[in-house]
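The values are calculated or read from the model by the stated rules, or taken from the named source; none is laboratory data. Nothing here was measured: the structure is a model prediction, and the numbers come from that model. Counting neighbours? That spans all protein chains shown, and the Cβs are built from the backbone with ideal geometry, glycine included. Ligands, DNA and RNA are excluded from the accessible area calculation, which covers all protein heavy atoms including side chains. Shrake-Rupley method; radii C 1.70, N 1.55, O 1.52, S 1.80 Å.
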Amino acid sequence: MQEQITTGRSTLPVAILISITFWVLSNFLLPDVSVGKSGYALWQTFIGERISWGQSFISLALYATIGYFLVELNNAFAIIRMRASIQTAIYFLLIACCPMMHDLYAGDIASAAYLVSLFLLFKAYQRSAPMSMLFYSFLFIGIGSLFLPQLMLFIPVFWIGAYNLQALTIKSFFASIIGWSVPYWFLLGHAYFYQEMDLFYQPFIELATFHPMSSFQDIPLWEIATFCYLFILYLVSSIHCLVSSYDDRIQTRTYLLFLIFADFCFFIYILLQPMFALQLFPILLIGVSILVGHLFVLTNSRASNVFFISMLLALILLFGFNIWTVLSNF
């Protein structure tokens, strides 16, 4: 059953159909839910007056684009050792079971920028002149951080990744800094021309502001349940990658180790700053989907089959629990 689903051609279309069904169902059940919009000034300037259905459509389009590039990422770097689309199917299903993520958030745009940056970083592997790849990779990190300033905190993670990919030199290091700063030079010009310098300072103020959590009761139950579910998937798939890494090429092993390390950092940051969980979940799901796809495609034991079926059933329960949790607050 596991092999038929993970390698079957109908898996992705079925996942898309289920995802759209869940999406429409959540929009009917939760049409006017307020989920604590970001007060970040630059994001408010960008989004302006928002319409619920318009936001949902744009968010769906962004997730669909990310899903497509997840397939292209695997085809380009053979992370799962075969032309597979299971990582995209997993991504769509995980997004679908979290109805509060169906609105448009800064994290959606940041996740698209993060995926492009990830693709360019992987392209820099063992290049004799990786400056251009790192410049463009960090350029997209900078673009994403305009909408989600917390993404800047993960720049050192990308430097560590570039070092492990044998792409970090003195020239490429400074190229990455220049690439990250380019969007902020444009922002500075806009802010200075329109005499709105507060707009330029806002990302750095937001980044430097620590948002303490008074108690765990402040965290929505759906976020806790989703976080635990994702962490179980991440933990099991990461252990599998580490144990069976000898089956992969050195290049693929390096990609997987970076994804494991990057997702670990995202999990830690969400624990420290749970108020950004909703913004960071779309970014976190990119790495989790690839790691879980790697696990399910390349295992065929009885234990993996039981885990596969259990996670599918738990996914359905998670969607029901998230819907029930949100509805119970009204």
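Taking 0.36 nm per residue of separation and subtracting the current Cα-Cα distance, fully stretching the chain between residue 177 and residue 210 would add 9.5 nm. For the range 72-147 versus the range 259-323, the spacing of their alpha-carbon centroids is 16 Å.
Students often get this wrong: which residues of the range 299-324 have the backbone nitrogen under 17 Å from the point 7 angstrom along Cα-to-C-beta of residue 239? Residues passing the 17 Å test: 299-311. Each of 247, 103, 108 has its accessible area taken with a 1.4 Å probe; listed largest first, they run 247, 103, 108.
For the pair residue 82 and residue 20, the difference between a 0.36 nm per residue extended length and the Cα-Cα distance amounts to 19.6 nm.
Here the gap between residue 195 and residue 306, fully extended at 0.36 nm per residue and compared with their Cα-Cα distance, gives a gain of 33.9 nm. Assuming a ≥ b ≥ c are the square roots of the Cα gyration tensor eigenvalues, decide whether the chain counts as rounded (a/c under 1.5), prolate (otherwise, with a/b larger than b/c) or oblate. Since a/c reaches 1.5 but b/c is at least a/b, the shape of the chain is classed as oblate. Run the paramagnetic zone check for residue 249: 7 angstrom along Cα to Cβ, then residues of the range 104-137 with backbone nitrogen under 15 Å. In the range 104-137, the label zone of residue 249 (backbone N under 15 Å from the point 7 Å along Cα→Cβ) covers 122-127. Residue 14 contributes an accessible area of around 80 Å² to the protein surface, as traced by a 1.4 Å probe with all chains present.
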